[in-house]
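Below: the structure, in structure tokens.
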Amino acid sequence: MNLRLCFGTFITLLDLYKYNITQERFIAEVVKIVDPISRYTRDRTASNKLKKCQINFRLDSGYFNDVPSIDSVKECMKNNIIPFIDESKIATLILSLLYIIQNESRNKTLKEEYLKKYFSADPNQLLTEKEFVFSEFLSRILLYTLYSGINNKIGSDCIKFITEDFINEKISPYIEDCQWISPTETLVLLFREEFILFNEALENYAMRKFIEETDPTNQMNDECLENCENFLDYIRDNIWVPFGQNSIGKMLQMIQNFSQTLDDYTTYLGKNMIPSSSNPSVFIPRHRDENPRWAKNFVKTVYDYRQQLATIYDKACKYMLFESMDQTE
């Protein structure tokens with residue numbers, strides 16, 4: 001599915017989670033931020049067509065050169081728009097917008113030069129950020145959709161998919177992986193914090209090299225097992241314990257699954273490998289030479305463990321970048 005980010009799709013998402021305000025007035029309040037005397041603030045038919053991506057947005061002046069400052073737009077968002085958005089749905093709204101951006105980035109339909117201009121980040125940077133201030137994020141989205149030369153009609157094919165059921169289907173796995181900090185209007189994407197720590201630990205303890213390059217069916221240095229133990233201790237102390245106190249989201253579950261699989265793998269190796277007679281710090285398969293059937297089973301089990309670890313990591317990467325939203329788990 002090719003979702004597109006334009007003013008119409010932006011307004012449609014906002015409209016899903018508004019309350020205590022009519023659609024007509026809500027659209028008018030958003031438009032007033034950039035064009036106080038716009039016809040969309042008083043022409044119900046035009047504003048409805050704008051939301052349905054049937055017409056393009058036109059400034060009353062006709063010029064899009066005078067771009068409002070992010071600070072002025074942010075102030076208007078805080079005072080005139082956010083009070084009408086259900087706070088319990090803010091995480092869903094931010095994640096939905098990021099999902100659309102990810103979808104466009106993957107399909108190469110984003111206007112990247114304008115995304116960099118209004119977000120001060122390229123798509124890869126934006127899709128790995130850990131924290132989003134709600135009013136600022138909405139303000140940057142608004143400027144991007146209106147001042148990037150985006151044809152509002154591009155959203156006409158996907159507007160029908162932007163429903164609560166569709167959004168809940170895509171976003172619900174992530175809700176437990178986020179934390180909303182109301183005093184600062186900040187959504188913290190815990191799953192990205194967890195993944196970054198996880199990824200750094202994989203590098204620091206040479207786990208990638210161990211999983212991808214070390215072949216225990218041939219031999220293995222005892223340093224590998226020591227690195228694994230240290231890695232597991234780090235994951236427990238720096239990810240599982242602090243992040244698991246409040247809730248256990250999907251990313252945390254995947255990291256725990258990876259850790260348990262790694263622990264099972266190293267336990268298996270410890271039981272089925274022995275020190276080499278020529279070098280006690282190097283381990284070799286216990287019955288490799290004298291028992292071909294045992295050796296064949298050992299090779300298969302080692303391969304299966306390594307594949308399991310690679311698969312879990314791949315799923316975590318996709319989840320981190322919202323790519324799992326479009327895949328059947």
Those residues that are modelled with pLDDT of 85 or more and either hydrophobic (A, V, I, L, M, F, W, C) or surrounded by 13 or more Cβ atoms within 10 Å (Cβ to Cβ) (or both), I need them from the range 60-79; list them, please.
Val67, Pro68, Ile70, Val73, Lys74, Glu75, Cys76, Met77, Lys78
Scanning for something assigned to a loop (DSSP other than H, G, I, E, B), acidic (Asp, Glu) and within 23 Å of Leu3 (Cβ to Cβ), does the range 60-83 turn up at least one residue?
no
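The rows are residues; the columns are (1) open to solvent by 10 Å² or more (accessible area, probe 1.4 Å); (2) part of a helix (DSSP H, G or I).
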| residue | (1), (2) |
| --- | --- |
| Leu13 | no, yes |
| Ile21 | yes, no |
| Ala28 | no, yes |
| Pro36 | yes, no |
| Thr45 | yes, yes |
| Asn48 | yes, yes |
| Ile55 | yes, no |
Counting only residues that are over 15 Å from Thr214 (Cβ atoms) and either in contact (Cβ under 8 Å) with a residue 24 or more places away in the chain or not basic (Lys, Arg) (or both), how many does the range 283-297 have?
9
Residue check for Ala206: modelled with pLDDT of 95 or more, small (Gly, Ala, Ser) and open to solvent by 10 Å² or more (accessible area, probe 1.4 Å)
yes
Note on the range 141-173: residues acidic (Asp, Glu) and under 17 Å from Glu104 (Cα atoms) are Asp157
Report, by residue number, each residue of the range 224-280 that is free of Cβ contacts under 8 Å to residues at least 40 places away in the same chain, aromatic (Phe, Trp, Tyr) and open to solvent by 30 Å² or more (accessible area, probe 1.4 Å).
Tyr234, Trp240, Tyr268
Of the numbered conditions (1) open to solvent by 50 Å² or more (accessible area, probe 1.4 Å); (2) modelled with pLDDT of 95 or more, His287 satisfies every one except a single condition; which is it?
(2)
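Collect the residues in the range 153-172 that are of a type outside the set (D, E, K, R), part of a loop (DSSP other than H, G, I, E, B) and surrounded by fewer than 18 Cβ atoms within 10 Å (Cβ to Cβ), keeping them in residue-number order.
Passing the criteria: Ser156, Thr163.
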Evaluate the following for Thr109: is it open to solvent by 20 Å² or more (accessible area, probe 1.4 Å) and in a loop (DSSP other than H, G, I, E, B)?
yes
Under 6 Å between Cβ atoms, which residue pairs at least 6 apart in sequence (or on different chains) link something in the range 298-326 that is assigned to a helix (DSSP H, G or I) and modelled with pLDDT of 95 or more with a partner that is open to solvent by less than 60 Å² (accessible area, probe 1.4 Å) and hydroxyl-bearing (Ser, Thr, Tyr)?
Val299/Thr217; Val302/Thr217; Tyr305/Tyr265; Gln308/Thr261; Leu309/Thr261
Of (1) open to solvent by less than 20 Å² (accessible area, probe 1.4 Å); (2) over 21 Å from Arg4 (Cα atoms); (3) among the small types (Gly, Ala, Ser), Ser96 satisfies every one except (2)
Yes or no: the range 94-104 includes at least one residue that is assigned to a loop (DSSP other than H, G, I, E, B), under 21 Å from the mean Cα position of the chain (by Cα) and within 16 Å of Leu321 (Cα to Cα).
no
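The values are calculated or read from the model by the stated rules, or taken from the named source; none is laboratory data. Given the structure is predicted, the values throughout are model-derived calculations rather than measurements. As a convention, Cβ positions derive from the backbone with ideal geometry for all residues, glycine included, and neighbour counts pool all protein chains shown. Only protein heavy atoms, including side chains, enter the accessible area calculation; ligands, DNA and RNA are left aside. Shrake-Rupley method; radii C 1.70, N 1.55, O 1.52, S 1.80 Å.
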